[in-house]
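Visitor: Questions regarding the structure given below will be posed in turn.
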Amino acid sequence: MSNKLILLSVLALTFVCLALASDPSPLQDFCVADTNSSVKVNGVVCKNPMQVQAEDFFFSGLHLRGNTSNAVGSKVTPVFAAQLPGLNTLGISMVRIDYAPWGLNPPHTHPRATEILTVLEGTLQVGFVTSNPDNRFISKVLQKGDVFVFPVGLVHFQRNIGNGYAVVIAALSSQNPGAITIANAVFGANPPIPSDILARAFQVDRNLVDELEAKF
């Protein structure tokens, strides 16, 4: 009897952990986001289901190349609940990322989602860093058709290491995964993080911190 109780307890804990691994499960067939509502919840309130149309579950545009004419040479085109209302409460989303030659999607995290990426064109170096205290750097070069996964919350990046354009499609386990770009968050905070804090954290001269903050 005790063994059965232990097994049931382990199974229950497993399902609880899975439930906490992504957005809450929907309690109805769908909950199309009502973008006109002023009511704010953890997500977006539902549109009247009798007013839902096929267009609510449709998005067009991922065939278009993103504009990579920027400082990092990459462009993320999101398909979140804001762009595709039918995603609301379903716990998934996706992005297209375009990279100019040697373009970079800088180190960042998704606080609410795991990301799985598929290379459509080009050659990418990708990598992520494990949490403290190990801080292991795990990296690989990907070719067309390769798939790589970035665990939820870990700092990761992609860099085009080819001379041509690169394109990926990535799926995420949240309708609103969030993105925290490390450099922007640290050196572009508003109001700024005090320079002496950053200088001590990075073990660099305060003047260098001031220069970096000025760039953001």
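The values are calculated or read from the model by the stated rules, or taken from the named source; none is laboratory data. Given the structure is predicted, the values throughout are model-derived calculations rather than measurements. Here the Cβ is made from the backbone with ideal geometry for all residues, glycine too, and neighbour counts use every protein chain on show. Note: accessible area is taken over every heavy atom of the protein model, side chains too, but ligands, DNA and RNA are not part of it. Shrake-Rupley method; radii C 1.70, N 1.55, O 1.52, S 1.80 Å.
Visitor: Taking the Cβ-Cβ separation of A183 and S139 as r and a Förster radius of 22 Å, what is the calculated FRET efficiency to the nearest 0.05?
Guide: 0.75
Visitor: Hey, another quick one. Using the basic label-point model (7 angstrom from Cα toward the beta carbon), what is the A201 to E55 distance in nanometres?
Guide: In this crude label model, A201 to E55 measures out at 4.5 nm.
Visitor: What residues have an amide H closer than 5 Å to that of G103, excluding those fewer than 5 places away on the same chain, when H is modeled at 1.01 Å from N in the peptide plane?
Guide: N160
Visitor: Report, in listed order, any pair from K75/K215; K75/K140; K47/K144 with a Cα-Cα distance greater than 28 Å.
Guide: K47/K144
Visitor: Right, next: Between L208 and V76, what is the label-to-label distance in nm when each label sits 7 Å out along the Cα-to-Cβ direction?
Guide: The answer from the label model is 2.7 nm.
Visitor: With a 1.4 Å probe and all protein chains kept in place, how do Y165, Y99 rank by accessible area, largest first?
Guide: Of Y165, Y99, the descending order of accessible area is Y165, Y99.
Visitor: Let me ask you something else. Sort S195, S139, S25 by accessible area with a 1.4 Å probe, largest first.
Guide: Descending order: S25, S139, S195.
Visitor: Want the number for V39 to N132: 0.36 nm per residue separation, take away the alpha-carbon distance, what's left?
Guide: Answer, rounded to one decimal: 29.6 nm.
Visitor: Amide H neighbours of A113 under 5 Å, counting only residues 5+ apart in sequence or on other chains, H built in-plane at 1.01 Å?
Guide: Answer set, sorted by chain and number: G153.
Visitor: How much solvent-accessible surface does T123 expose, in Å² to the nearest 10, with a 1.4 Å probe and all protein chains in place?
Guide: Looks like 40 Å² after rounding.
Visitor: Determine the shape class of the stretch 59-162: with a ≥ b ≥ c the square roots of the Cα gyration tensor eigenvalues, call it rounded for a/c under 1.5, and otherwise prolate if a/b is greater than b/c, oblate otherwise.
Guide: Note, shape of the stretch 59-162 comes out oblate.
Visitor: Could I ask something else about it? Compute the Cα gyration tensor for the stretch 109-168, then decide on rounded, prolate or oblate, letting a ≥ b ≥ c be the square roots of its eigenvalues: rounded whenever a/c is under 1.5, prolate when a/b is larger than b/c in the other cases, and oblate in all that remain.
Guide: Prolate is the answer for the stretch 109-168, as a/c is 1.5 or above and a/b outweighs b/c.
Visitor: What does the accessible area of R136 come to, in Å² to the nearest 10, when a probe of 1.4 Å is used?
Guide: About 140 Å², rounded to the nearest 10.
Visitor: Let me ask another. Arranged from highest to lowest average of other beta-carbon atoms within 10 Å per residue, in what order do the peptides 166-175, 100-109 appear?
Guide: 166-175, 100-109
Visitor: Report the charge-dipole magnitude of the chain in Debye, nearest 20, computed about the Cα centre from +1 at each Lys and Arg Cβ and -1 at each Asp and Glu Cβ.
Guide: Charge dipole of the chain: 280 debye, to the nearest 20.
Visitor: Using only the Cα atoms of the stretch 111-216, build the gyration tensor, take square roots of its eigenvalues as a ≥ b ≥ c, and label the shape rounded, prolate or oblate: rounded if a/c is under 1.5, else prolate if a/b is larger than b/c, else oblate.
Guide: Here the stretch 111-216 falls in the prolate category.
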